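Any read-out appearing in this document is the output of simple, stated calculations on the displayed coordinates, not a laboratory observation. All values derive from a computational prediction rather than experimental measurement. Here the Cβ is made from the backbone with ideal geometry for all residues, glycine too, and neighbour counts use every protein chain on show.
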Amino acid sequence: MKRNYQHGILIGAALVGMMGGSFAALASESDIKQVMSERHESFEHMGEVFEELSREVKQKSPDMVRIQQDVSRIDVWAKDQVNWFPIGSGPESGIKTDAKAEIWEQPAEFRALQDEFIVEAGVLKTVAFNGPGDDLAAQTEKVGEVCSQCHETYRKQFSLFSIFGF
């Protein structure tokens, strides 16, 4: 009886181990989906806030409170975005993404642009808290240029045909 009991424990442990491995793989895939979803949502929000900021900066009497709120949010996202691209969260995941494989193939170059974005967003925040002026508009444009550089290299470009999967 003791032998059957030990044998049952070994079989049970093996089954749990096999199932645990499957659950770990599912959790990992689930984690990747979560990261990719959060990354997409964060970039969508950042884009909306940046558009709002760009419009507000061009006003004759810009709302500096709104601008300061916007640049503070952009500054936080700039610092956070270095964590939004873990290995396995690219096209190889099989999940729809606008991120190109070059992000993971050229990590140093990609990180250099991320770091530049962090710096320029920080400068933008400083300028915005110093008040309205030409520096604010120029720095907003500079941040936009860094975003564009990254998008040109590391984000899929869209065309009319991309809607149809070409």
Give the residue that is surrounded by the most Cβ atoms within 10 Å (Cβ to Cβ), with candidates limited to residues of segment 44-64 that are of a type in the set (D, E, K, R) and more than 25 Å from the chain's Cα centre (by Cα).
-> D63
Subset tally (residues that are closer than 21 Å to S148 by Cα and free of Cβ contacts under 8 Å to residues at least 12 places away in the same chain) for segment 51-78 | 3
Could you check, for segment 36-43, whether at least one of its residues is part of a helix (DSSP H, G or I), touching an Asp or Glu at 6+ places or on another chain (Cβ under 6 Å) and in contact (Cβ under 8 Å) with a residue 40 or more places away in the chain?
-> no
Residues of segment 81-105 satisfying the condition of being touching a residue at least 40 places away in the same chain (Cβ under 8 Å) and assigned to a loop (DSSP other than H, G, I, E, B) | W84, F85, P86, G88, S89, I95, T97, D98, K100
Is it the case that G144 is out of contact with any Asp or Glu (no Cβ under 6 Å at 6 or more places or on another chain), in contact (Cβ under 8 Å) with a residue 40 or more places away in the chain and not in a helix (DSSP H, G or I)?
-> no
